[in-house]
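Notes for the one structure printed next.
Coordinate-derived values only; no laboratory data. Not measured: the values here are computed from a predicted model. Cβ placement follows ideal geometry from the backbone for every residue including glycine, while neighbour counts extend to all protein chains displayed.
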Amino acid sequence: MDLNERMKEYQRLVRELLEATTTTLKVARDAVNMADACRAELHCLLESKITEAEGGTP
């Protein structure tokens, strides 16, 4: 394999690595967003139960 072929292979591998890293970051972002949505939902549910326990209307 000559130098030109090696450089092309190296560039291809770097592109693949960048694509995989980008995909991983997008999945992590989506997981954080889902966790935040769940946290917000749980917070509302807990506030409702606290209000109900204190004799109020949820």
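Once you put a point 7 Å from the Cα of Asp2 and another 7 Å from the Cα of Leu17, both along the Cβ direction, what distance in nm separates them?
2.6 nm
For log10 I(q)/I(0) by the Debye sum over Cα atoms at q = 0.24, 0.28, 0.29, 0.30 Å⁻¹, the choices are (i) -1.20, -1.27, -1.29, -1.30; (ii) -0.97, -1.34, -1.43, -1.51; (iii) -0.89, -0.98, -1.00, -1.03; which was calculated from the structure?
(iii)
Taking the chain as a Gaussian network, where each spring joins two C-alpha atoms under 10 Å apart, which residue of Arg39, Arg12, Arg29 fluctuates the most?
Evaluated over the chain, the most mobile residue of the options is Arg12.
Quick check: pseudo-label points 7 Å beyond the Cα along Cα→Cβ at Asp30 and Glu47, how many nm apart are they?
According to this spin-label approximation, the distance is 2.9 nm.
Per-residue ellipticity at 222 nm for the chain, helices alone: DSSP H runs ≥ 4 residues times -39500 (n - 2.57), over residue total, nearest 500 deg cm²/dmol?
Computed ellipticity for the chain at 222 nm equals -33000 deg cm²/dmol.
For the stretch 42-52, just list the computed ³J(HN,Hα) in residue order, Karplus coefficients 6.51, -1.76 and 1.60, θ = phi - 60°, integers in Hz, with x standing in for Gly and Pro.
Once rounded to whole Hz, the list reads 5, 4, 4, 4, 5, 4, 5, 5, 5, 4, 4.
What spacing in nm lies between the two simple spin-label points modelled at Glu9 and Ala40, each 7 Å away from Cα in the Cβ direction?
Placing both labels 7 Å beyond Cα along the Cβ direction yields 4.9 nm.
Once phi is turned into θ = phi - 60°, what whole-Hz ³J(HN,Hα) does the Karplus curve with 6.51, -1.76 and 1.60 give for every residue of the stretch 8-18, x standing for Gly and Pro?
4, 5, 4, 4, 4, 5, 5, 4, 4, 5, 4
Identify the GluC sites (Glu not before Pro) of the chain meeting these criteria: DSSP loop state and at most 11 other C-beta atoms within 10 Å of the C-beta.
Here the GluC sites (Glu not before Pro) that fit, given the DSSP loop and packing criteria, are Glu54.
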